[in-house]
Amino acid sequence: MNKKITGIHHVTAIALDAQKNLDFYTGVLGLRLVKITVNFDDPTTYHFYYGDRLGSPGTILTFFAWAGIRPGRQGTGQAKSVAFSIPESSLGFWIERLLKAGIEYQKPVRRFNEQVLAFRDHDGLMLELIAHQGAEKREGWTGGDVPAEHVLRGIHTVRLCLDGYEHTAKLLTETMKFHKAGEEGSIFRYAAGEGGSGAMVDLNCAPDLWSGVVAAGTIHHVAFRTANDEQQQSWHDEIASVGLNVTPQLDRQYFRSIYFREPGGVLFEIATDRPGFTVDETEEELGTRLKLPSWFEPSREDIERALPALRLPREVKTRAVAIDGSGMEAGE
Ligand code: ZN
């Protein structure tokens, strides 16, 4: 079967404080909150999805907000950082914006001939903005308070931190049909499909680093895109055939998923492009209230009671009020 991984679908990380997470990613970074739901495997915690206007695959960063979770430790066997695309002319704007928000950043460095601005969120998660040619061709969310020309344009790369890279590289190239796209120092870059921003994974070898602990401030898993259920089933069979345990298809409401651990220890997911976030809300309503899959609806009251109250970003509230005059304003 002619199946394809077309790029990164989403990255999921762990946050300690739901409110701080919401304020940082919608406020400072200006991403659109496209869905408020719960972790389907643990409905007492929020699951937030941030992205572009529709939460298109390739723009999505998601968080489980696990109150009380211990801090994670960055190390091997873990996705280390997620990078977003920005236009080359936006680097100065972002340095100034981080400075104003009191966020420490590292002096920009060049990687694969592009400028990389690195900083951390309040839980210590490492984020990067990569200024590169062609970024302006990708869509970003222009409904926040970041000027349209400077908004983030989706995920650029995900960097994995590994003891060694060979087995992961073999899985990427021989099974998942990535190709090698570059090498710089201890970073080996692989790209899916046509490559470019949104389709690249960097394998960062760090043999003398301790192993990572996935908890607050770390990435939980990296998801790759495939078009539909049929292709996903074929990926499932192929991944099982190379000796990796892979889950059966799980319904994530906004896409369907299979999960497996790559040989370096990082949890991978392959997710379908459809149905997307407008399956249970209109484009206008995205991210304005708690959405639950049908199997949790009967327990909505209990679930809402267990979740911390949220103060939604002003922009989200304005949209919610415009729709039905109420909106989700728990906590106020
Ligand atoms: Zn996922």
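The values are calculated or read from the model by the stated rules, or taken from the named source; none is laboratory data. From a predicted model like this one, the values you see are computed outputs, not experimental measurements. Glycine also receives a Cβ, built like all others from the backbone with ideal geometry; neighbour counts cover every protein chain displayed. All accessible areas refer to the heavy atoms of the entire protein, side chains included, with ligands and DNA or RNA removed. Shrake-Rupley method; radii C 1.70, N 1.55, O 1.52, S 1.80 Å.
Structure notes:
- The stretch 149-172, residues that are within 29 Å of Pro87 (Cα to Cα) and among the polar types (S, T, N, Q): Thr157
- Any pair with Cβ under 8 angstrom, 6 or more apart, that starts in the stretch 46-62 at a residue that is within 13 Å of Phe255 (Cα to Cα) and ends at one that is within 14 Å of the ligand (Cβ to nearest atom) and among the aromatic types (Phe, Trp, Tyr): Tyr49/Tyr254; Tyr49/Phe277; Gly55/Tyr49; Gly55/Tyr254; Gly55/Phe277; Pro57/Phe255; Ile60/Tyr49; Ile60/Tyr50
- Against the numbered list (1) of a type outside the set (S, T, N, Q); (2) away from the ligand (no atom under 16 Å from the Cβ); (3) crowded, with 17+ Cβ neighbours inside 10 Å, Trp210 comes up short only at (3).
- Matching residues in the stretch 217-233 - criterion: being away from the ligand (no atom under 13 Å from the Cβ) and open to solvent by 10 Å² or more (accessible area, probe 1.4 Å): Ala227, Asn228, Asp229, Glu230, Gln231, Gln233
- Ile69 being open to solvent by 20 Å² or more (accessible area, probe 1.4 Å), closer than 30 Å to Ala206 by Cα, among the hydrophobic types (A, V, I, L, M, F, W, C) and away from the ligand (no atom under 16 Å from the Cβ): yes
- Annotation: Gln249 fulfils all but one of (1) touching a residue at least 24 places away in the same chain (Cβ under 8 Å); (2) within 15 Å of the ligand (Cβ to nearest atom); (3) open to solvent by 50 Å² or more (accessible area, probe 1.4 Å); the unmet one is (1).
- Count of residues meeting criterion [more than 16 Å from the ligand (Cβ to nearest atom), part of a loop (DSSP other than H, G, I, E, B) and more than 22 Å from Thr157 (Cβ to Cβ)] in the stretch 1-52: 5
- Complete set of residues in the stretch 173-213 that are without any contact (Cβ under 8 Å) to a residue 40 or more places away in the chain, outside any strand (DSSP E or B) and under 21 Å from the mean Cα position of the chain (by Cα): Glu194, Gly195
- The set of residues from the stretch 259-288 being closer than 15 Å to Ile219 by Cα and more than 16 Å from the ligand (Cβ to nearest atom) comprises Gly264, Gly265.
- Unmet criterion (only one of (1) outside any strand (DSSP E or B); (2) open to solvent by 10 Å² or more (accessible area, probe 1.4 Å)) for Thr168: (2)
- Verdict on Arg319 being modelled with pLDDT of 95 or more and surrounded by 14 or more Cβ atoms within 10 Å (Cβ to Cβ): no
- Residue within the stretch 62-80 that is among the β-branched types (Val, Ile, Thr) and in contact with a helix residue (DSSP H, G or I) (Cβ under 9 Å, 6 or more places away or on another chain) present: no
- Any hit, the stretch 175-185, residues being on the phi > 0 side of the Ramachandran plot and of a type in the set (Phe, Trp, Tyr): no
- So Glu149, is it among the acidic types (Asp, Glu), free of Cβ contacts under 8 Å to residues at least 60 places away in the same chain and either within 16 Å of the ligand (Cβ to nearest atom) or open to solvent by 10 Å² or more (accessible area, probe 1.4 Å) (or both): no
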